Amino acid sequence: MYTIAREVVPFFAVCGQMWEIAKPDGSRLCIVAGPREQAQAAVDALNGGPEATYSVVRYFAKGGNETLHTCLSLEDAKAHCEDPETSSRTCTSREGLALAAQRGPWFDGYVKED
């Protein structure tokens, strides 16, 4: 994964801010002139875009959804949803069973955030 390695001290005052972009092996790829946001945009483009985040949503068969978590990585969202306690079909906890009795079948799923 490409990263911003460090801020570089420019040789000339007119250069403004400069950032060293590092390759995945740590060696220098290039220098980007401009604000840190511009360097981050270059890194995001090299890495295939900014890292996506996900929300975990509880869906109810009788209607209505509840967002349980936001700004999760894909790995964290998947891990949450793979837990047997995140579906009325597989849960064994009192809370989960009571929720199913009150609101009908339910499950947790994840969605990519905008």
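The values are calculated or read from the model by the stated rules, or taken from the named source; none is laboratory data. Small disclaimer: the values here were computed from a predicted structure and weren't measured. Quick reminder, even Gly has a Cβ in these numbers, built from the backbone with ideal geometry, and neighbours come from all protein chains shown.
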Quiz item: Among helices (runs of 4 or more DSSP H) lying entirely in segment 26-114, which contain 1 or more residues that are under 30 Å from Ala5 (Cα atoms)?
Solution: 36-46, 74-82
Quiz item: Can you spot a residue in segment 48-56 that is at pLDDT below 80 and surrounded by 15 or more Cβ atoms within 10 Å (Cβ to Cβ)?
Solution: no
Exercise. Can you tell me which residue within segment 7-45, out of those that are modelled with pLDDT of 75 or more and exposed (fewer than 12 other Cβ atoms within 10 Å of the Cβ), is farthest from the chain's Cα centre (by Cα)?
Key: Ser27
Self-check item: Members of segment 35-80 found to be under 24 Å from Asp25 (Cβ atoms) and out of contact with any strand residue (DSSP E or B) (no Cβ under 8 Å at 6 or more places or on another chain), listed by number
Solution: Ala41, Asp44, Ala45, Asn47, Gly48, Gly49, Pro50, Glu51, Glu75
Quiz item: For segment 64-108, what are the residues that are touching a Cys at 6+ places or on another chain (Cβ under 6 Å) and touching a residue at least 40 places away in the same chain (Cβ under 8 Å)?
Solution: Asp108
